[in-house]
1. Suppose the filter is in contact with a Leu (Cβ under 8 Å, 6 or more places away or on another chain) and in contact (Cβ under 8 Å) with a residue 24 or more places away in the chain; does Thr150 pass it?
2. Exactly one of (1) closer than 29 Å to Leu114 by Cα; (2) among the aromatic types (Phe, Trp, Tyr); (3) modelled with pLDDT of 90 or more is unmet by Tyr241. Its number?
3. Mind checking which residues of region 179-191 are in a helix (DSSP H, G or I) and under 19 Å from Tyr162 (Cα atoms)?
4. So which residues in region 32-47 are on the phi < 0 side of the Ramachandran plot and surrounded by 20 or more Cβ atoms within 10 Å (Cβ to Cβ), if there are any at all?
5. Do we have any residue at all in region 95-102 that's under 20 Å from Gln40 (Cβ atoms) and not hydroxyl-bearing (Ser, Thr, Tyr)?
6. Within region 194-233, take every residue that is more than 18 Å from Met140 (Cα to Cα) and at pLDDT below 90 and give me the one that is nearest to the chain's Cα centre (by Cα).
7. The conditions are (1) assigned to a helix (DSSP H, G or I); (2) modelled with pLDDT of 90 or more; (3) crowded, with 22+ Cβ neighbours inside 10 Å, and Ala12 fails exactly one of them. Which is it?
8. At pLDDT 90 or above, over 25 Å from Pro33 (Cβ atoms) and among the charged types (D, E, K, R), is that true of Asp178?
Amino acid sequence: MHIESQYSYVTAVESNPAVGLRAAVRIILLGAPGVGKGTQAKGLEKLWGIPHISTGDLLRAHVVQGSSLGQLAREIMARGELIPDSLVAQMVAVRLQESDTFNGYILDGFPRTLNQAVWLDAHLATLGHGPSMIVIGFRMDDEQLRHRVTGRRNCPVCQTIYNVHLNPPHRGGYCDLDGAPLVQRNDDTQKVFEERMRIYRESTAPVVEHYRALGRFTDINGGQPIEEIAHQIVAAVDRLYGWQY
């Protein structure tokens, strides 16, 4: 039992003949916390065989591995400061040099700011990619987002995820599978959600307008079923790359 649908992403789009890649695909997924970017990114990764690059995962990997960038990030976080755009950009630049990105990739959580978007455009140009990035924005009603995020509860034993609003356990507060008391992550509280939404609106709205002006942006209703979102992403990629079948 899991709050996220177990629907196969490949099954979701198998009726569409236009699922194969005809060129390298570079995609940015933008959206507020809890809108479902990660679910779609993982599905695209399986469908097209291109890596899902999450800046949160990148940061954690550098810190755990003790790389020079990771050591610098650890020092900054130890001082209680935010990781600067320049450091995140360096981590992304290193990741985009790896061979599994040559056929494309899905960026999740980057760029978050206009400065990062401008840097990414310039970096892609140096790689000879030009304006090849497609940006998919997910929109969702604030109240639905709030329910998704603040209602999440995790089982610390089996890692099953529930939602008290959308997918509650049979016995309130306890996992259906092993009976362990469910917990709420610190970043799923109402206070943290509101602050993350404020930061998202202030920092990411200019990014959306930046890519919209370049004609590389489309938005999708994130409140739809996962399979419908899958179809719409594939169609958007076909359209924005100008592929004809």
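1. Taking the combined requirement at face value, the residue does not satisfy it.
2. (3)
3. Taking region 179-191 and keeping what is in a helix (DSSP H, G or I), we get 186-188, 190-191.
Once the filter is applied, which keeps residues that are in a helix (DSSP H, G or I) and under 19 Å from Tyr162 (Cα atoms), region 179-191 yields Asn186, Asp187, Asp188, Gln190.
4. Step one: of region 32-47, the residues on the phi < 0 side of the Ramachandran plot are 32-33, 35, 37-47.
Residues satisfying the conditions are Ala32, Val35, Lys37, Gln40, Ala41, Gly43, Leu44, Leu47.
5. Kept after step one, since they are under 20 Å from Gln40 (Cβ atoms), are these residues of region 95-102: 95, 100-101.
Subsequent filtering for residues that are not hydroxyl-bearing (Ser, Thr, Tyr) retains 95, 100.
Yes, the conditions are met somewhere in region 95-102.
6. Ranking the qualifying residues of region 194-233, first place goes to Arg216.
7. Evaluating Ala12 over (1) assigned to a helix (DSSP H, G or I); (2) modelled with pLDDT of 90 or more; (3) crowded, with 22+ Cβ neighbours inside 10 Å leaves (2) as the failure.
8. Details: at pLDDT 90 or above: yes; over 25 Å from Pro33 (Cβ atoms): yes; among the charged types (D, E, K, R): yes.
Taking the combined requirement at face value, the residue satisfies it.
The values are calculated or read from the model by the stated rules, or taken from the named source; none is laboratory data. From a predicted model like this one, the values you see are computed outputs, not experimental measurements. Counting neighbours? That spans all protein chains shown, and the Cβs are built from the backbone with ideal geometry, glycine included.
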